[in-house]
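The values are calculated or read from the model by the stated rules, or taken from the named source; none is laboratory data. Remember, it's a predicted structure, so these values are computed and weren't measured experimentally. Cβ sites come from the backbone with ideal geometry, for glycine too, and all protein chains shown count toward neighbours.
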Amino acid sequence: MTPQSGRDGESTRDSESGSGGAEQDPGPTRRGVLLGVGLAGLGGALAGCSTAAVPYDANEAGIPPNGPAQGGMPSSGATTSQASTPGSGGMSSSPAPAAGGQGGQPAKKKAKPRLAGTVLGAASEIPVGGGKIYTAAKVVVTQPARGQYQGFSAVCTHVGCIMSTVANGTIDCPCHGSEFKITNGAVVTGPAPAPLPAKQIKIVDGQVILL
């Protein structure tokens, strides 16, 4: 073999080896593509799986035979309820005070002012055109016309006897026969020298009050 032929043979091998290397490049490229596709599919499958622990006897949905464990997964409904009604039951509105008084006590009725005086009796006991003698108070009350009341002393101005009757428009003394008008107490018949003194009276709630 000549040196020239040896060099030719090496050149031929080099070219073959070079051409063979060029033909091998597409192989790894296809494998890389397939490998990338496989990894992407595996990643998607892993992403779709739940990372929560599954009991060994759970069914395909991941639920054990006795139902889901309490406390394992918080209830979204309970959380929503607590968030939507914060502080419910924590604060209660204070009751409104009872109307008509402070502190729930009913308002007291105002007492009617008491009139100073002495109650003689019911006004209905005094007849129209006549009168009534109140011996203990020494007062005679007449009603000359309906609703018109007059008060006088029941002591006769003659010798101090107490009047006994009211009749025929006069107030009569039993001692000596003196008579006085029921309208103004003036003397109608003597021997009384002066009219009967007037007395202040008032009708309050149907009662005759001596002031």
**Complete:** If we keep only residues of region 158-174 that are in a strand (DSSP E or B) and out of contact with any strand residue (DSSP E or B) (no Cβ under 6 Å at 6 or more places or on another chain), then the residue nearest to GLU125 (Cα to Cα) is ALA167
**Item:** Top-ranked residue of region 178-198 - restricted to ones that are of a type in the set (A, V, I, L, M, F, W, C), out of contact with any Cys (no Cβ under 9 Å at 6 or more places or on another chain) and part of a loop (DSSP other than H, G, I, E, B), ranked as nearest to VAL155 (Cα to Cα)
**Value:** ALA194
**Prompt:** How many residues does region 175-211 contain that are in contact with a strand residue (DSSP E or B) (Cβ under 8 Å, 6 or more places away or on another chain) and more than 12 Å from VAL119 (Cα to Cα)?
**Reply:** 22
**Message:** When the residues of region 149-190 are narrowed to those that are surrounded by fewer than 17 Cβ atoms within 10 Å (Cβ to Cβ) and at positive phi, which ends up nearest to the chain's Cα centre (by Cα)?
**Reply:** GLY169
**Prompt:** Of the conditions (1) in a strand (DSSP E or B); (2) at pLDDT below 95; (3) over 17 Å from GLN200 (Cβ atoms), VAL119 fails just one. Which one is it?
**Reply:** (3)
**Prompt:** Restricting attention to region 135-148, which residues are at pLDDT 95 or above and hydroxyl-bearing (Ser, Thr, Tyr)?
**Reply:** THR142
**Prompt:** Within region 162-210, how many residues turn out to be aliphatic (A, V, I, L, M) and without any contact (Cβ under 8 Å) to a residue 40 or more places away in the chain?
**Reply:** 9
